[in-house]
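Student: This is the structure I have questions about; it appears just below.
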Amino acid sequence: MAAGKTRATVGPAASALRLGAAAALALMGLPGGGLSAAPTRLDTLHALVATNLDNYVEWFDRFFGDERLKDDNRRTRVTLGAGVTFDAEDGVSLETEFSARLALPALERRLHLIVDDAFEADRANALVESLRESAPDAAARFILKDTDRLRFNADAGLRLGDPAQALLRVRARAVFRTGEWELRPSEVVRYYSHDGFSATTELRCTRILGDSWMFRSTTDLTWEEVSAGVTPAQAFMLFDEISPRRSQKLDISAAWPEWPHPARTVYALAFTYRQRIYRDWLYVETTPGVRFRQTERYEATPFLTILFEVVFGPGY
């Protein structure tokens, strides 16, 4: 963000300044020691900080369409993305992604119908072929528990494709807040009738920085029955709210498939600029970056992705 720039619109990030002022006033009126069963001003201050942190993280995740929204939401939401990637090594490819979460209000939104699909075509005339080879997941999701601290859900359905597979998936997620940090561990166990079992353990550590910045570290460990070893992955992300309509993200990531003997290690550095271009449902983002693949002797491979996304459901 440019030095000395003044925001014309007050967004969720700017509310951190007001919270800081409120915190200072609350601290000035703290009672002098002792334990009390009744809520004190310190309890109120703690609740304000926790709420502000949660709202801040939620805003960034919704603005960027973070993957966790597919698992943590309770409302109907459909997203459709389409774009193109220019890669110095792989050439031009078309990218599409579709995700639907249909909540059934008659069951207090605890039962969802879910559909996920994504495919890539490396040339225009391969689009139909890529559609045929895609393997969308279609399932029913039952939310067994959903509180501010804990969520547990189970999915049962089909992975369409060749061959078609029955799927079962169980996910547990917890949220812990300490000071300005939010810790979000999760565990996903999957079973596909043809591919077998797999599991992913993830830890997200998120912290607010200043009045418009957010830092996140994401650590993953994935095991698959059909693969040798495990796949550790690490990402560091820095988010900046430019305005309520525009935001940017710096992403440094790495993955080591089939560790401890990886043969397809990938390091990447990417910068994403995302903007809401029409009302609260049409977005565009551009992501230039560079990858370093073990299969290419870690030579720098520049890439550029341009993506348009349409959102049906609650706005950001």
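The values are calculated or read from the model by the stated rules, or taken from the named source; none is laboratory data. These figures come from a predicted structure and were not determined experimentally. Using ideal geometry, Cβ is built from the backbone for each residue, glycine included, and neighbour counts are taken over all protein chains shown.
Student: If only one of Leu203, Leu238 is part of a strand (DSSP E or B), out of contact with any Ser or Thr (no Cβ under 9 Å at 6 or more places or on another chain), without any contact (Cβ under 8 Å) to a residue 40 or more places away in the chain and within 23 Å of Phe271 (Cα to Cα), which one is it?
Tutor: Leu238
Student: For Arg169, are the conditions met, namely being in contact with an Asp or Glu (Cβ under 9 Å, 6 or more places away or on another chain), farther than 19 Å from Lys70 by Cα, buried (at least 17 other Cβ atoms within 10 Å of the Cβ) and not hydrophobic (A, V, I, L, M, F, W, C)?
Tutor: Answer is no for this residue.
Student: Now for a different question. With (1) assigned to a strand (DSSP E or B); (2) farther than 22 Å from Asn55 by Cα; (3) modelled with pLDDT of 85 or more as the list, and Pro163 as the residue in question, which single condition is left unmet?
Tutor: Checking Pro163 against (1) assigned to a strand (DSSP E or B); (2) farther than 22 Å from Asn55 by Cα; (3) modelled with pLDDT of 85 or more, the one that fails is (1).
Student: Applying the selection to segment 55-107, what residues are of a type in the set (Phe, Trp, Tyr), in contact with a Pro (Cβ under 8 Å, 6 or more places away or on another chain) and either free of Cβ contacts under 8 Å to residues at least 12 places away in the same chain or over 18 Å from Leu282 (Cα atoms) (or both)?
Tutor: Tyr56
Student: If you check Ala139 against the conditions, is it under 19 Å from Tyr192 (Cβ atoms) and modelled with pLDDT of 90 or more?
Tutor: Spelling it out, Ala139 is indeed under 19 Å from Tyr192 (Cβ atoms) and modelled with pLDDT of 90 or more.
Student: Next up: What pairs come out if I take residues in segment 241-261 that are under 20 Å from Ile208 (Cβ atoms) and pair them with residues that are charged (D, E, K, R) and crowded, with 16+ Cβ neighbours inside 10 Å whose C-beta lies under 7 Å away, six or more apart or interchain?
Tutor: Qualifying pairs under 7 Å: Ser247/Asp240; Ser247/Glu241; Ser247/Arg274; Gln248/Asp240.
Student: Okay, next question. Within segment 275-316, track down each residue that is outside any strand (DSSP E or B) and basic (Lys, Arg).
Tutor: Selection gives Arg279, Arg297.
Student: Hey, could you check segment 271-288 for residues that are in contact (Cβ under 8 Å) with a residue 24 or more places away in the chain and not charged (D, E, K, R) and say which is surrounded by the fewest Cβ atoms within 10 Å (Cβ to Cβ)?
Tutor: Looking at the filtered set, the residue picked out is Leu282.
Student: For segment 100-110, check the following and say yes or no: at least one residue is within 18 Å of Phe308 (Cα to Cα), within 21 Å of the chain's Cα centre (by Cα), small (Gly, Ala, Ser) and at pLDDT below 90.
Tutor: No, there is no match, as no residue in segment 100-110 is within 18 Å of Phe308 (Cα to Cα), within 21 Å of the chain's Cα centre (by Cα), small (Gly, Ala, Ser) and at pLDDT below 90.
Student: OK, next. Just to check your reading of the model, which residue among Pro262, Pro257 is farther than 30 Å from Arg101 by Cβ and assigned to a loop (DSSP other than H, G, I, E, B)?
Tutor: Exactly one residue qualifies, and that residue is Pro262.
Student: Identify the single condition in (1) among the hydrophobic types (A, V, I, L, M, F, W, C); (2) buried (at least 16 other Cβ atoms within 10 Å of the Cβ); (3) not in a strand (DSSP E or B) that Val226 does not satisfy, given that it satisfies every other one.
Tutor: With respect to (1) among the hydrophobic types (A, V, I, L, M, F, W, C); (2) buried (at least 16 other Cβ atoms within 10 Å of the Cβ); (3) not in a strand (DSSP E or B), Val226 is out only on (2).
Student: Residues of segment 212-233 being over 18 Å from Ala199 (Cβ atoms), out of contact with any helix residue (DSSP H, G or I) (no Cβ under 9 Å at 6 or more places or on another chain) and at pLDDT 95 or above, which ones?
Tutor: Answer for segment 212-233, where residues must be over 18 Å from Ala199 (Cβ atoms), out of contact with any helix residue (DSSP H, G or I) (no Cβ under 9 Å at 6 or more places or on another chain) and at pLDDT 95 or above: Phe215, Ser217.
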